[in-house]
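A.B. asks: Before I ask anything, let me first share the structure, which is written out below as structure tokens.
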Amino acid sequence: MSDYIKPLPKPSPTSRPYWEAARRHELQLQHCGGCGGYIYYPRPRCPHCMSDNLKWERVSGRGKLYSYTIVRRASTRSFADAPYVLAIVELDEGPRLTTNLIAAQEQLKIGMPVTVHFDDVTPEHTLVKFKPA
Ligand SMILES: [Zn+2]
């Protein structure tokens, strides 16, 4: 039994490849065969062209800090590790992910380059976070 007390992902048939890739420390996104766009979050159809011709592809894990906030008060007992950085990262491939950025407050700057970081929070769960590049 893990000591980790925050909510954990519950993969659906659609999102399972994303979480399985994260466990292997790979960032994978759906890539649309219809329009060529990358998609996040996982979906059964492309939100740009509605194609269901989607394939999972490994992406760079590089991007930039699009926006962030610093969470200073725990919303529940599970988040008692506040303060932490809740961020939106824009990947080089285009999609924006809501994530945690592991960085000191003084480091934070909109547009700063970031890179993916895989946090193995339990033996079965790896979370996708980011850190300064
Ligand atoms: Zn598409």
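A.B. asks: What ranking do VAL71, VAL116 get, fewest neighbouring Cβ atoms within 10 angstrom at the top? Don't skip to the end; give the middle numbers.
C.D. replies: On the way: VAL71 15, VAL116 22.
So the residues, fewest neighbours to most, are VAL71, VAL116.
A.B. asks: Among THR14, THR115, THR76, determine the one that fluctuates most according to a GNM of the chain built with springs between C-alpha atoms less than 10 Å apart.
C.D. replies: Comparing THR14, THR115, THR76 in a Gaussian network model of the chain, the most mobile one is THR76.
A.B. asks: Could I ask something else about it? Show me, for region 10-16, the HN-Hα J-couplings you get by feeding each phi into the Karplus relation (A = 6.51, B = -1.76, C = 1.60, θ = phi - 60°), rounded to Hz, glycine and proline as x.
C.D. replies: Karplus-based 3J(HN,Hα) across region 10-16 equals 10, x, 9, x, 6, 8, 4 Hz.
A.B. asks: Given a Förster radius of 25 Å and the C-beta distance between TYR41 and ASP3 as r, what FRET efficiency does 1/(1 + (r/R0)^6) yield to the nearest 0.05?
C.D. replies: Values: r = 28 Å, r/R0 = 1.11.
Between TYR41 and ASP3 the formula returns 0.35.
A.B. asks: When the chain is treated as a GNM, springs tying every alpha-carbon pair under 10 Å, which of ARG77, ARG16, ARG43 comes out with the largest mean-square fluctuation?
C.D. replies: ARG77
A.B. asks: OK, next. Can you sort CYS46, CYS35 from fewest to most other Cβ atoms within 10 Å of each residue's own Cβ? Intermediate results must be reported in sequence, preceding the final value.
C.D. replies: On the way: CYS46 21, CYS35 13.
Lowest to highest Cβ neighbour count: CYS35, CYS46.
A.B. asks: Suppose R0 equals 35 Å. What FRET efficiency, 1/(1 + (r/R0)^6) with r the Cβ-Cβ distance, do THR122 and THR69 give to the nearest 0.05? If you can, show how the numbers build up before the last one.
C.D. replies: Working: r = 26 Å, r/R0 = 0.74.
Given R0 = 35 Å and the Cβ-Cβ separation, E is 0.85.
A.B. asks: Return a whole-number percent for the relative contact order of region 34-128, with Cα pairs under 8 Å and 6 or more residues apart as the contact set. All intermediate terms of the calculation are to be shown ahead of the outcome.
C.D. replies: On the way: 143 pairs, mean separation 23.6, N = 95.
It rounds to 25 percent for region 34-128.
A.B. asks: Across bins of 5 angstrom width beginning at 0, how are the C-alpha pair distances of the chain distributed, in whole percent?
C.D. replies: Distribution as computed: 2, 10, 18, 20, 20, 16, 9, 4, 1 percent.
A.B. asks: Output wanted: per-residue J couplings in Hz (rounded whole) for region 105-113, from phi through Karplus 6.51 cos²θ - 1.76 cosθ + 1.60, θ = phi - 60°, x for Gly and Pro.
C.D. replies: Values per residue, Gly and Pro as x: 3, 5, 7, 6, 8, 4, x, 5, x Hz.
A.B. asks: Estimate the FRET efficiency between ASP52 and ARG23 by the formula 1/(1 + (r/R0)^6), using the beta-carbon distance for r and 22 Å for R0, to the nearest 0.05.
C.D. replies: On the way: r = 26 Å, r/R0 = 1.16.
The value I calculate is 0.30.
A.B. asks: How large is ³J(HN,Hα), in whole Hz, for each residue of region 79-86 in order, when computed from phi with the Karplus curve 6.51 cos²θ - 1.76 cosθ + 1.60 and θ = phi - 60°, using x for Gly and Pro?
C.D. replies: 9, 5, 7, 4, x, 8, 9, 9
A.B. asks: Taking amide hydrogens as modeled 1.01 Å from N in the peptide plane, which residues meet the under 5 Å criterion relative to VAL114, leaving out close sequence neighbours?
C.D. replies: Close amide H contacts, sequence-distant or interchain: GLY63, LYS64, LEU65, ALA133.
Values quoted throughout were computed directly from the atomic coordinates according to the rules given, and no laboratory measurement underlies them. Since we're looking at a predicted model, the values are computed, not measured. In this analysis, Cβ positions are derived from the backbone assuming ideal geometry, glycine residues included, and neighbour counts consider all displayed protein chains.
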